[in-house]
Amino acid sequence: DETPAYNKTLSELTPDDTDDTFKYYVVTIKDLNITKEGKYTLRYYFYDETGALLYVYDIEDPEILTVYMPQNMTIDGVTIEINTIPTTLYNNESLVTIDSSANRTDNVSVYVDGNKISNITTIGDCEYDEDAGNYFISPEKLGLRAGEYNLTVSYKGKNLTAKVNITFDLTIELPDDDKIIYTTF
(Lines give C-alpha, C1' and ligand atoms only; values in the text may rest on other atoms or scores of the structure.)
Protein backbone atom coordinates (compact mmCIF):
# COMPACT_ATOMS: atom_id res chain seq x y z
CA ASP A 1 0.00 0.00 0.00
CA GLU A 2 1.05 3.64 0.02
CA THR A 3 1.76 3.78 3.76
CA PRO A 4 5.53 4.10 4.23
CA ALA A 5 7.10 0.98 5.73
CA TYR A 6 10.20 2.95 6.62
CA ASN A 7 10.38 6.68 7.18
CA LYS A 8 13.62 8.15 8.53
CA THR A 9 15.69 11.24 8.01
CA LEU A 10 19.36 10.76 7.19
CA SER A 11 20.28 12.57 10.40
CA GLU A 12 18.60 9.71 12.34
CA LEU A 13 20.77 7.11 10.62
CA THR A 14 24.39 6.11 10.85
CA PRO A 15 26.09 5.50 7.50
CA ASP A 16 27.04 1.87 6.93
CA ASP A 17 30.00 2.92 4.83
CA THR A 18 31.54 6.15 3.56
CA ASP A 19 34.08 7.21 1.01
CA ASP A 20 35.32 10.62 -0.17
CA THR A 21 32.10 11.58 -1.96
CA PHE A 22 29.26 9.33 -0.71
CA LYS A 23 27.71 8.01 2.45
CA TYR A 24 26.03 4.61 2.19
CA TYR A 25 23.01 3.72 4.31
CA VAL A 26 21.51 0.25 4.77
CA VAL A 27 17.83 -0.54 5.27
CA THR A 28 17.17 -4.14 6.30
CA ILE A 29 14.13 -6.38 5.99
CA LYS A 30 13.75 -6.02 9.75
CA ASP A 31 13.68 -2.22 9.34
CA LEU A 32 10.81 -2.64 6.85
CA ASN A 33 8.87 -4.81 9.34
CA ILE A 34 8.57 -7.65 6.83
CA THR A 35 7.73 -10.84 8.69
CA LYS A 36 6.33 -13.07 5.93
CA GLU A 37 7.95 -14.42 2.83
CA GLY A 38 6.62 -13.18 -0.46
CA LYS A 39 7.14 -10.55 -3.15
CA TYR A 40 7.03 -6.88 -2.25
CA THR A 41 7.02 -3.83 -4.52
CA LEU A 42 9.53 -1.23 -3.38
CA ARG A 43 9.17 2.46 -4.15
CA TYR A 44 11.60 5.04 -2.83
CA TYR A 45 10.33 8.55 -2.06
CA PHE A 46 12.84 11.27 -1.25
CA TYR A 47 11.82 14.47 0.56
CA ASP A 48 13.72 17.58 1.51
CA GLU A 49 14.03 18.81 5.09
CA THR A 50 10.70 20.68 4.84
CA GLY A 51 8.83 17.54 3.77
CA ALA A 52 8.45 18.52 0.11
CA LEU A 53 8.76 15.60 -2.32
CA LEU A 54 12.02 15.79 -4.25
CA TYR A 55 11.55 12.72 -6.45
CA VAL A 56 10.36 9.13 -6.60
CA TYR A 57 12.95 6.55 -7.58
CA ASP A 58 11.83 4.20 -10.41
CA ILE A 59 8.12 5.08 -10.32
CA GLU A 60 7.63 3.45 -13.74
CA ASP A 61 9.66 0.34 -12.99
CA PRO A 62 9.67 -0.28 -9.22
CA GLU A 63 11.95 -2.87 -7.70
CA ILE A 64 10.51 -6.18 -6.57
CA LEU A 65 11.89 -7.57 -3.32
CA THR A 66 11.51 -11.33 -2.88
CA VAL A 67 11.78 -12.42 0.75
CA TYR A 68 12.49 -16.00 1.77
CA MET A 69 12.25 -17.20 5.35
CA PRO A 70 14.55 -20.09 6.25
CA GLN A 71 12.97 -22.90 8.22
CA ASN A 72 14.85 -23.95 11.33
CA MET A 73 14.55 -25.99 14.49
CA THR A 74 16.70 -26.32 17.59
CA ILE A 75 17.04 -29.68 19.34
CA ASP A 76 19.29 -30.17 22.34
CA GLY A 77 21.06 -26.90 21.55
CA VAL A 78 21.74 -27.89 17.90
CA THR A 79 20.15 -25.67 15.24
CA ILE A 80 19.28 -27.16 11.85
CA GLU A 81 18.15 -24.87 9.04
CA ILE A 82 16.73 -25.48 5.57
CA ASN A 83 17.69 -22.68 3.19
CA THR A 84 14.61 -21.64 1.19
CA ILE A 85 16.47 -19.11 -0.98
CA PRO A 86 16.93 -20.60 -4.49
CA THR A 87 20.14 -22.62 -4.37
CA THR A 88 22.40 -23.10 -7.37
CA LEU A 89 23.36 -26.63 -8.29
CA TYR A 90 27.08 -27.44 -8.53
CA ASN A 91 28.15 -24.34 -6.57
CA ASN A 92 28.52 -26.35 -3.35
CA GLU A 93 25.95 -24.16 -1.63
CA SER A 94 24.28 -25.08 1.63
CA LEU A 95 20.76 -26.45 1.37
CA VAL A 96 20.67 -27.81 4.94
CA THR A 97 22.88 -26.24 7.61
CA ILE A 98 23.69 -27.99 10.88
CA ASP A 99 25.16 -26.19 13.87
CA SER A 100 28.78 -27.17 14.49
CA SER A 101 27.97 -27.99 18.13
CA ALA A 102 26.17 -31.15 16.96
CA ASN A 103 27.64 -34.54 17.81
CA ARG A 104 29.52 -35.70 14.70
CA THR A 105 28.19 -39.26 15.10
CA ASP A 106 24.49 -38.23 15.20
CA ASN A 107 22.37 -39.25 12.22
CA VAL A 108 20.52 -36.78 10.02
CA SER A 109 17.90 -38.06 7.57
CA VAL A 110 16.74 -36.03 4.59
CA TYR A 111 13.54 -37.05 2.79
CA VAL A 112 12.80 -35.56 -0.65
CA ASP A 113 9.17 -35.09 -1.73
CA GLY A 114 7.90 -37.54 0.90
CA ASN A 115 10.06 -40.46 -0.25
CA LYS A 116 10.07 -43.30 2.24
CA ILE A 117 13.79 -43.81 1.63
CA SER A 118 15.94 -41.04 3.02
CA ASN A 119 19.47 -39.93 2.48
CA ILE A 120 20.85 -40.88 5.90
CA THR A 121 24.19 -39.54 6.92
CA THR A 122 26.09 -38.78 10.07
CA ILE A 123 26.84 -35.16 10.74
CA GLY A 124 30.55 -35.92 10.54
CA ASP A 125 30.06 -37.05 6.92
CA CYS A 126 28.54 -33.70 5.95
CA GLU A 127 30.69 -31.01 4.41
CA TYR A 128 32.14 -28.44 6.78
CA ASP A 129 32.09 -24.70 6.06
CA GLU A 130 35.15 -23.31 7.83
CA ASP A 131 34.06 -19.68 7.35
CA ALA A 132 30.62 -20.19 8.92
CA GLY A 133 31.75 -22.92 11.30
CA ASN A 134 28.81 -25.19 10.38
CA TYR A 135 28.19 -28.51 8.68
CA PHE A 136 26.09 -28.44 5.55
CA ILE A 137 24.38 -30.64 2.96
CA SER A 138 24.41 -29.45 -0.65
CA PRO A 139 21.81 -30.29 -3.35
CA GLU A 140 24.49 -32.31 -5.15
CA LYS A 141 25.05 -34.52 -2.09
CA LEU A 142 21.31 -35.29 -2.08
CA GLY A 143 21.40 -36.15 -5.79
CA LEU A 144 18.95 -33.36 -6.66
CA ARG A 145 18.60 -31.77 -10.05
CA ALA A 146 17.12 -28.38 -10.92
CA GLY A 147 13.53 -28.03 -9.75
CA GLU A 148 11.29 -27.54 -6.71
CA TYR A 149 11.30 -30.05 -3.88
CA ASN A 150 9.79 -30.54 -0.45
CA LEU A 151 12.57 -31.48 1.97
CA THR A 152 12.06 -33.03 5.37
CA VAL A 153 15.07 -33.14 7.66
CA SER A 154 14.82 -35.55 10.58
CA TYR A 155 17.10 -35.27 13.60
CA LYS A 156 16.63 -37.02 16.95
CA GLY A 157 13.02 -37.84 16.14
CA LYS A 158 12.04 -34.26 15.20
CA ASN A 159 11.18 -33.19 11.65
CA LEU A 160 11.65 -29.93 9.78
CA THR A 161 9.98 -29.46 6.38
CA ALA A 162 10.39 -26.74 3.76
CA LYS A 163 9.99 -26.17 0.03
CA VAL A 164 13.27 -25.53 -1.78
CA ASN A 165 14.10 -24.41 -5.30
CA ILE A 166 17.25 -25.71 -6.99
CA THR A 167 18.47 -23.72 -9.98
CA PHE A 168 21.13 -24.40 -12.59
CA ASP A 169 23.39 -21.72 -14.05
CA LEU A 170 23.66 -21.96 -17.80
CA THR A 171 26.35 -20.20 -19.80
CA ILE A 172 25.71 -19.64 -23.49
CA GLU A 173 28.68 -18.58 -25.59
CA LEU A 174 27.95 -16.87 -28.89
CA PRO A 175 31.10 -17.13 -31.03
CA ASP A 176 29.89 -14.69 -33.71
CA ASP A 177 30.13 -11.57 -31.62
CA ASP A 178 32.11 -12.83 -28.61
CA LYS A 179 29.31 -12.21 -26.12
CA ILE A 180 28.53 -14.47 -23.20
CA ILE A 181 25.02 -14.73 -21.78
CA TYR A 182 24.49 -15.96 -18.23
CA THR A 183 21.09 -17.15 -17.12
CA THR A 184 19.54 -19.31 -14.44
CA PHE A 185 16.98 -22.07 -14.88
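The values are calculated or read from the model by the stated rules, or taken from the named source; none is laboratory data. Keep in mind the model is a prediction, meaning the values are calculated, not measured. Here the Cβ positions follow ideal geometry from the backbone for every residue, glycine too, while neighbour counts run over all protein chains shown. Side chains included, ligands, DNA and RNA excluded: accessible areas come from the protein's heavy atoms. Shrake-Rupley method; radii C 1.70, N 1.55, O 1.52, S 1.80 Å.
Give segment 41-69 a look and list any residue that's open to solvent by 60 Å² or more (accessible area, probe 1.4 Å) and more than 23 Å from T9 (Cβ to Cβ), or say none.
The answer is T41, E60, D61, I64, Y68.
Could you list, in sequence order, all residues of segment 98-154 that are assigned to a loop (DSSP other than H, G, I, E, B), of a type in the set (D, E, K, R) and exposed (fewer than 14 other Cβ atoms within 10 Å of the Cβ)?
If the condition is that a residue be assigned to a loop (DSSP other than H, G, I, E, B), of a type in the set (D, E, K, R) and exposed (fewer than 14 other Cβ atoms within 10 Å of the Cβ), then R104, D113, K116, E130, D131, R145 are the ones that fit.
How many residues, within segment 14-36, are open to solvent by 100 Å² or more (accessible area, probe 1.4 Å) and of a type outside the set (S, T, Y)?
Counting residues in segment 14-36 that are open to solvent by 100 Å² or more (accessible area, probe 1.4 Å) and of a type outside the set (S, T, Y) gives 7.
Taking only pairs six or more apart or across chains, which ones have beta-carbon atoms under 7 Å, a first residue in segment 114-141 that is over 21 Å from N159 (Cβ atoms), and a second residue that is open to solvent by less than 30 Å² (accessible area, probe 1.4 Å) and aliphatic (A, V, I, L, M)?
Sorted first by the residue in segment 114-141, then by its partner, the pairs are E140/L89.
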